Protein chains: 2
Amino acid sequence: MTDLAHRFADNPIISPEDVTPTRPGLHVLGVFNPAAFRFQGRTWLLLRVAEGMPASNGGVSAPILAPDAPHGMRMVEVTEGDPDLVNDDPRVFIWRGRKYLTTISHLRLASYDERGTLHVEPGPALEGEGDLECFGIEDCRVTEIDGRYHLAYSAVSPDGFGVALASTADWRFFERQGMIFAPPNKDCVLFPARIGGQYVALHRPVCEGLGGKFIWIARSPDLAHWGENGCLFRTRPGAWDSVKVGAGAPPVRIADGWLELYHGVAEDGTYRMGAILLDADDPARILGRSRRPIMEPRADHERSGFFGNVVFGTGALADGDELTLYYGAADQFVCGARFSVTEILAGLA
Amino acid sequence: MTDLAHRFADNPIISPEDVTPTRPGLHVLGVFNPAAFRFQGRTWLLLRVAEGMPASNGGVSAPILAPDAPHGMRMVEVTEGDPDLVNDDPRVFIWRGRKYLTTISHLRLASYDERGTLHVEPGPALEGEGDLECFGIEDCRVTEIDGRYHLAYSAVSPDGFGVALASTADWRFFERQGMIFAPPNKDCVLFPARIGGQYVALHRPVCEGLGGKFIWIARSPDLAHWGENGCLFRTRPGAWDSVKVGAGAPPVRIADGWLELYHGVAEDGTYRMGAILLDADDPARILGRSRRPIMEPRADHERSGFFGNVVFGTGALADGDELTLYYGAADQFVCGARFSVTEILAGLA
């Protein structure tokens, strides 16, 4: 397999030990899948921080947001060996027929100072709110449109995972616009400009029978209400992206159109990154797609971690031919890599 | 179990033999799941007509819309015993890892004349169009808002089943508004009035892991773009609606609020009907829900057919305390039944 990434020398650039927990007793188990944006002359990341708590009885536990509980959180704890417990994935367990997450995620800011040092903020920028986010919020992508920043993230609850939207101009006050794509849906990215007068998004419904884990496109007059859904591109049997595809970073405008870096999952569960080029005026038209991945798990912290063999790019910043991708590694670390747009385009077919 | 339905004496009111096929060689295998509406002083139904073709090689076949093929349709035929064939459901088969439908559906009008005789039109009112409908269109619900009729139906293709919307004022010319809810989603009903200035819909995403087959509510400024999704109500463990719930007929305005007749599926696969009452001004607020079903499969043509043990109400017309429900029976027949709204309300808890 190929790998066009020039990884940062100091990867991982953020590790769980760099992040302070939100509540007493919680441990930061992962910091990953960062959005990336520029604000007030600096480069910022919006991190997914996943926290958990070792179950006091040696079993498993699930943190759940509960406004009336102490510190706004309650724990579901299940003893190892409980006959109603199904527990074969580090990320989830099933108890009495219901599915729980072992961690709860929030979104946290980090920024580079003038000297290039990365600082993680001491508390959350955005936490889950309401029934549809009581299992947390995850995997945010940030898109700036006309000076306003739009956060598309996964809202997770016992009712499933859908895509919610929040907006901000100053990164202090956020306007929540509700769930824009109902479950089961995730990996939503907004285009950074209106196209034909409309806002455009990519999203990733999850179909188990008819259909698949394909990338869809939708349009909106106002960002809060979406329609005109179409299937944009699909998994490829036998390829590195045969099981799932999902949008990665928000599309980047280049001379040839919109460059979208997406993730693909293979039969063996490995997450790799590839690229797709969309027509500038009609983004439902595909001009090219990576024959081979542009990045795959190679470094130790990409191959092993909370959930290994994952590179998951979620933020991209362009500077001429150089495209910097910020990505999650092994559902545990934040990393960065630089690509040449020319090299990516050369691999499209 | 209970049953509050006063069934029509002449059920089934439409059977497959009453419907002419659209193309040479096709057989009408089912006519079911009718929308109901009033237009030009008459009662009309918009039927789902499912057609199939016996495979010439004694196996299974799938009809697929293909504009360039003869009669606009091609057939995928698979010989019985093909090692790549999985064939254990009359409605679908899997071949070489891909899922196909054994029938293709379109929407057809029927209307009652002055003497109360029901006439089925000789051809389709609406057929599938484009990639997202190449496996057909199904299970339409019709809602009249301000003199215009809106058709919310399942659009089916290899990319999954989603909800598409078409509108008409005269039942001759239809304006297609695209896919409003991406797959996997179906059973969408529009409320017959704006509430708080917005259009409101119920819809039914399909979650296999986290979440379930629950009924969601969404809002729209323009009918074509939807957001503000929320989970309205869920399946009930151990009850007659423990596996799936889905909206049935479009909500009917009664003195107490919005009355929604919905279907629930039990562990044994039986489809029954129940009711839910929603607040008039805030339809996300539930005022009551049927403890027990209001109708269940009892007649022979409800208990056996193309897919047995199904009553599936999709159109309701109110006249004072009398509510007439038009429903599909066993995925094969169109039937009708009358209810007393008072009796339905008495069973809510």
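The values are calculated or read from the model by the stated rules, or taken from the named source; none is laboratory data. Only a predicted model underlies this, so the values are computations on that prediction, with no experimental measurement involved. Counting neighbours? That spans all protein chains shown, and the Cβs are built from the backbone with ideal geometry, glycine included. When the accessible area is computed, the model is the full protein with side chains, heavy atoms only, and any ligands, DNA or RNA have been set aside. Shrake-Rupley method; radii C 1.70, N 1.55, O 1.52, S 1.80 Å.
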- Task: List every residue pair whose Cβ atoms sit under 9 Å apart, with the two residues 6 or more apart in sequence or on different chains, where the first one lies in the range A:80-109 and is at the interface with chain B (Cβ under 10 Å from one of its Cβ atoms) and the second, anywhere, is modelled with pLDDT under 90.
- Result: A:Val92/B:Gly209; A:Ile94/A:Asn87; A:Lys99/B:Gly209; A:Leu101/A:Arg91
- Task: Could you please tell me which pairs satisfy a Cβ distance under 8 Å, a separation of 6+ or placement on different chains, a first residue in the range A:9-27 that is on the phi > 0 side of the Ramachandran plot, and a second residue that is part of a loop (DSSP other than H, G, I, E, B)?
- Result: A:Gly25/A:Met53
- Query: Name the residues in the range B:218-228 that are open to solvent by 10 Å² or more (accessible area, probe 1.4 Å) and not in a loop (DSSP other than H, G, I, E, B), would you?
  - Reply: B:Arg219, B:Glu228
- Task: Would you mention how many residues in the range B:229-243 are surrounded by fewer than 20 Cβ atoms within 10 Å (Cβ to Cβ) and touching a strand residue (DSSP E or B) at 6+ places or on another chain (Cβ under 9 Å)?
- Result: 8
- Message: Can you list the strands (runs of 3 or more DSSP E) lying wholly within the range A:51-160 that have 2 or more residues being touching a Gly at 6+ places or on another chain (Cβ under 6 Å)?
- Response: A:104-112, A:148-157
- Message: Out of everything in the range B:119-143 that is over 17 Å from the mean Cα position of the chain (by Cα) and crowded, with 17+ Cβ neighbours inside 10 Å, what residue ends up being farthest from B:Pro205 (Cα to Cα)?
- Response: B:Val120
- For the range B:162-177, what are the residues that are within 24 Å of B:Phe333 (Cα to Cα) and open to solvent by 10 Å² or more (accessible area, probe 1.4 Å)? B:Trp171
- Task: Report, by residue number, each residue of the range B:1-40 that is open to solvent by 50 Å² or more (accessible area, probe 1.4 Å), within 28 Å of B:Phe191 (Cα to Cα) and not in a loop (DSSP other than H, G, I, E, B).
- Result: B:His6, B:Arg7, B:Arg38
- Message: Being small (Gly, Ala, Ser) and surrounded by fewer than 23 Cβ atoms within 10 Å (Cβ to Cβ) is the filter here; which residues of the range A:295-321 pass it?
- Response: A:Ala299, A:Ser304, A:Gly308, A:Ala318, A:Gly320
- Note on the structure: Exactly one of A:Ala164, A:Ala152 is within 13 Å of the chain's Cα centre (by Cα) and in contact (Cβ under 8 Å) with a residue 40 or more places away in the chain, and that one is A:Ala152
- Using the structure shown, decide if A:Gly257 is within 14 Å of chain B (Cβ to nearest Cβ) and either among the aliphatic types (A, V, I, L, M) or over 30 Å from B:Ala152 (Cβ atoms) (or both). no
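Matching residues to (1) out of contact with any Pro (no Cβ under 8 Å at 6 or more places or on another chain); (2) in contact (Cβ under 8 Å) with a residue 40 or more places away in the chain:
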| position | (1), (2) |
| --- | --- |
| B:Cys188 | yes, yes |
| B:Ala201 | yes, yes |
| B:Ile215 | yes, yes |
| B:Pro221 | no, no |
| B:His225 | no, yes |
| B:Glu228 | yes, no |
- Residue tally, condition more than 11 Å from chain A (Cβ to nearest Cβ) and open to solvent by 10 Å² or more (accessible area, probe 1.4 Å), over the range B:188-207: 6
- Item | Unique match (being open to solvent by less than 40 Å² (accessible area, probe 1.4 Å), without any contact (Cβ under 8 Å) to a residue 60 or more places away in the chain and either farther than 22 Å from A:Ile217 by Cα or not basic (Lys, Arg) (or both)) among B:Asp159, B:Asp146 | B:Asp159
- Residues (in contact (Cβ under 8 Å) with a residue 60 or more places away in the chain, open to solvent by less than 10 Å² (accessible area, probe 1.4 Å) and touching a Lys or Arg at 6+ places or on another chain (Cβ under 9 Å)) located in the range A:250-261: A:Leu259
- Note on the structure: When every residue in the range B:208-237 that is small (Gly, Ala, Ser) and within 23 Å of B:Gly274 (Cα to Cα) is compared, the one nearest to the other protein chains (Cβ to nearest Cβ) is B:Gly211
- Query: Within the range B:165-185, can you find the residues that are within 14 Å of B:Asp131 (Cα to Cα) and touching a Phe, Trp or Tyr at 6+ places or on another chain (Cβ under 6 Å)?
  - Reply: B:Ala182, B:Pro183
- Task: For the range B:264-283, indicate whether the set of residues that are within 23 Å of B:Arg42 (Cα to Cα) and open to solvent by less than 60 Å² (accessible area, probe 1.4 Å) is non-empty.
- Result: no
- Message: Exactly one condition in (1) in contact (Cβ under 8 Å) with a residue 24 or more places away in the chain; (2) part of a strand (DSSP E or B) is false for B:Asp241; which is it?
- Response: (2)
- Task: Keeping to the range B:274-309, report how many residues are assigned to a loop (DSSP other than H, G, I, E, B) and closer than 20 Å to B:Lys244 by Cβ.
- Result: 11
- Task: Might you let me know whether the range B:121-137 holds any residue that is of a type in the set (Val, Ile, Thr) and over 15 Å from B:Asn185 (Cα atoms)?
- Result: no
- Task: Being touching a strand residue (DSSP E or B) at 6+ places or on another chain (Cβ under 9 Å) and open to solvent by 60 Å² or more (accessible area, probe 1.4 Å) is the filter; apply it to the range B:41-60 and report the residue that is nearest to B:His119 (Cα to Cα).
- Result: B:Arg42
- Quick one: would you say B:Glu129 is closer than 25 Å to B:Pro183 by Cα and in contact with a His (Cβ under 7 Å, 6 or more places away or on another chain)? no
